[in-house]
Each structure stands twice: as structure tokens, then as C-alpha cells.
Amino acid sequence: MGCSVGMKFILFFAVLFAAGSAHAQTESGSSVGAPAKLQWLEREFMMAAPGAPLGLDVMQVEVKRPGKHPLAILTHGTSADSTERATETPGKYLPQAIWFARRGFVVLVVIRRGYGRSSGEQDGKHGGCQRQGGGSFTEAGESSADDLRAAAKYGATLPEVDAGIIVSAGVSTGGFAQVALAANPPEGLKAAISFAGGRGGDGKENNCDLSAVISAFKHFGKKSRVPMLWVYSENDHWFPPEVARKFETAFREGGGIDQFVLAPPYREDGHGYYYNIAGWTPTVEEYLRAQNVLMETPLLPAPPVPEVPPPAGLNERGVAAFRNFLIMGPYKAFATNGSEAWGVSFGQIDQGLADKKALENCTKQLHGPEKCSIVAHTK
């Protein structure tokens, strides 16, 4: 499955990896002492779910081993761009899925109804800023949580899953979905993690109906008894710290249980802190250990990096990004200007979009007349 630079290489949607090499670009950690020659499974499929006539787009990620293992369910946020919502894929969250899989979980990455390839009506149409015909933020959260409960039900049928130990995590509206899920949890849910959870933000520190969102948090807090971890960044422009604290106050007034973590600023907008895996690893590991759901020590081996030489001219960060790119799923692309500028895209809904985003990401780094070009992508 290798290629020389400038040539296409193939990475199938369903891949079995013979694991055994380090994956420092996705996260730090040691796999010393972990079993050798274990196999990685990545499988994307349409999962049956209520309200989704054609199913939900789901990716299953795990290290294949004997016995039963805990289940982790991951879900996404909601872009303000309708095109982004229509092109959502589980492959975009493969790095987070690998994080959980290396710690012994069977992972299901769930694209909720109406996003990407998943059929059905989007949760925001049931309630929220774009609600049609009434509805509330509470209903929007409950709609999101329904899809996660469907994933938990499906996961319980897998022979390798211990359905008595389930962890769920999500970002932004997917984090808000965790709050709703904890208020009506599937059997076996032991912990729920919300990264920058909320609804109604505009990315400019405004909210379309803050009092209604706060009321929804209080409503869910009245029913929630599953321990939660909430992680927000100091420079989140969708749900700034003062807004996040209002969410927490309302949730706790209702009776909810949460551990609130305010992380340092992240890039231009801390709303993307979910992608700073190295940054949140210590916090999430400590939380999972406290809930007695973190089983694997040391880490299981990471997916191996194919033996493909990096493009010439890349700096150290660019080489690391290329190696990380090699283990990501389709559709993906890597672009460079032949020097230090580079751009990567993975987990896109088609190859054209992957190429376009990689070129855009590379072009942002240019300061002269140079041009970027695609040097590797999925066939």
C-alpha cells in the first residue's frame, strides 16, 4: 500500500493494519511492552437507526484482540456552513478514534442524522437557532442523543464489546449531545465527555438565544446522574468561558455532576481544542481512570506508518504531518510548494474536496509567487 512521492496510493475504507510502530504525530505515549502483531480494524458502514431511513454513517475503529472490551462513542459538531454540514464524515475524527482504540476501546464514530451521508432530519431542525415550526434546544439535544443511543444499542451486539462499560464524547453540538445523553443514558454509560459543548453560538462570542440554551442545560441537569467531563478553552469564540460557566451553573443547579476544565488558549479559536489531542490527553486519561473505565496500560501499538518517503523540502513539522497523513483514511490529499509550505486534508466526502482543502491549507502558508500542488492522495 506504499507509493513514491507524486504517485497515488490506496487506502481502503475497511483496512486491517498489522500494528507495531509509533504514532507520535497523533499523540504522545509509549507502547513498550504492548503485544506485537495485533491488527487494526477500520470499517465504515451505514448503521440502522430510528429516524434514519438509509442509516447513519459510522466508522468502527479498534485493535483486534480476544475478549470483550469497553465501547467508546464519538460524535461531531455543527458547522455554520451548510456545505460543511453536508460533507461531514467519520473519517475526520480518526485521530480521536485511534486515541481511544489504543486505550482498549472499541470505537464507533457517529455522523448524526442529516449530516454528511447520514439520512434523516438534522437535530437543529428539531430545535435550536434554525428550528422550524417551534421546538427547543432541549429537543435538539434529545434528537442528537437518540443517534448516540442507537450506536450504543448497535455496539452492544458486537461480540468484542463489553456493553456494561460505555464512554461517549463529542465536540460543540456533539458535546451538548453528551449532556442530553447523560440525562437519559443507555445502560452501561459510565462517563460522558463534552468538548466545548453548547448550541446557538455564532463564532463571534454571541448566542442566538442564550437564556434558552441555559434553560436546556438546567433541564438536562435535573435528570443527569452520569459523571461528566466538560472541557472548554480560554479563547473559545463560540462559547467563551463566561458563557460556559453559565452552562455549568445551570446544569449543577438542576443536579448534574460535572468536572469543569478550562484549557489554555488554542490557536486562533479554542473551539477547536478537541483537535489538540496531546493537550487534552492528561486530563481525559485522569478522568477516565477516576471513573474506572481506562483499562489499557501501556498503550496498544499505534497503526504502522507505510514506508513512503516524504516530499522533498519539508521541514520537521511538515515531515511529521506527512507521516500522520499516511495513516489517515480516504478521501485525503497532501500538497506542498516543494519547500516548507504544505497542506493536508483527510476524511473528506470525495477526492475533489480533499484535493481542494489540501491546496487551500498549503496556500495559506505561502508568502511569495510560489504555488502548491498535490503530491499524494487517495486513488
Review point. Name the residues in region 257-283 that are among the aliphatic types (A, V, I, L, M), in contact with a helix residue (DSSP H, G or I) (Cβ under 8 Å, 6 or more places away or on another chain) and under 15 Å from Phe100 (Cα atoms), would you?
Key: Ile277
Review point. Which one of the conditions (1) farther than 22 Å from Pro90 by Cβ; (2) surrounded by 17 or more Cβ atoms within 10 Å (Cβ to Cβ); (3) without any contact (Cβ under 8 Å) to a residue 40 or more places away in the chain does Pro186 fail to meet, given that it meets all the rest?
Key: (1)
Study note, to complete from the structure: In region 332-344, anything in a loop (DSSP other than H, G, I, E, B) and either buried (at least 23 other Cβ atoms within 10 Å of the Cβ) or without any contact (Cβ under 8 Å) to a residue 12 or more places away in the chain (or both) is listed as Lys332, Ala341
Revision key, fill the gap. With criteria (1) aromatic (Phe, Trp, Tyr); (2) within 24 Å of His237 (Cα to Cα); (3) part of a strand (DSSP E or B), Phe45 comes up short on (2)
Point to revise | Members of region 308-321 that are among the hydrophobic types (A, V, I, L, M, F, W, C) and free of Cβ contacts under 8 Å to residues at least 40 places away in the same chain | key: Leu314, Val319
Check your understanding: Among the residues of region 92-128, how many are within 11 Å of the chain's Cα centre (by Cα), outside any strand (DSSP E or B) and hydrophobic (A, V, I, L, M, F, W, C)?
Key -> 6
Revision key, fill the gap. Quick count over region 60-81, residues being assigned to a loop (DSSP other than H, G, I, E, B) and crowded, with 22+ Cβ neighbours inside 10 Å, is 3
Exercise for review: Assess whether Asp147 counts as being under 19 Å from Pro53 (Cβ atoms), in contact with a Lys or Arg (Cβ under 6 Å, 6 or more places away or on another chain) and either not assigned by TED's automatic domain parsing to the domain that holds Asp209 or not in a loop (DSSP other than H, G, I, E, B) (or both).
Suggested key: yes
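One line per residue, one yes/no per condition, for (1) of a type in the set (S, T, N, Q); (2) more than 23 Å from the chain's Cα centre (by Cα); (3) not assigned by TED's automatic domain parsing to the domain that holds Ala169:
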{"site": "Lys222", "(1), (2), (3)": "no, yes, no"}
{"site": "Pro241", "(1), (2), (3)": "no, no, no"}
{"site": "Lys246", "(1), (2), (3)": "no, yes, no"}
{"site": "Arg252", "(1), (2), (3)": "no, yes, no"}
{"site": "Gly256", "(1), (2), (3)": "no, yes, no"}
{"site": "Gln259", "(1), (2), (3)": "yes, no, no"}
{"site": "Tyr266", "(1), (2), (3)": "no, no, no"}
**Study point:** Close pairs from region 280-307: first closer than 13 Å to Phe105 by Cα and of a type in the set (Asp, Glu), partner assigned to a loop (DSSP other than H, G, I, E, B) and at pLDDT 95 or above, Cβ under 6 Å, at least 6 apart
**Key:** Glu296/Arg103; Glu296/Gly104
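The values are calculated or read from the model by the stated rules, or taken from the named source; none is laboratory data. Everything numeric in this text was worked out from a predicted model, so none of it was measured. Reconstructed Cβ throughout: ideal geometry from the backbone, glycine too, with neighbour counts over all protein chains shown.
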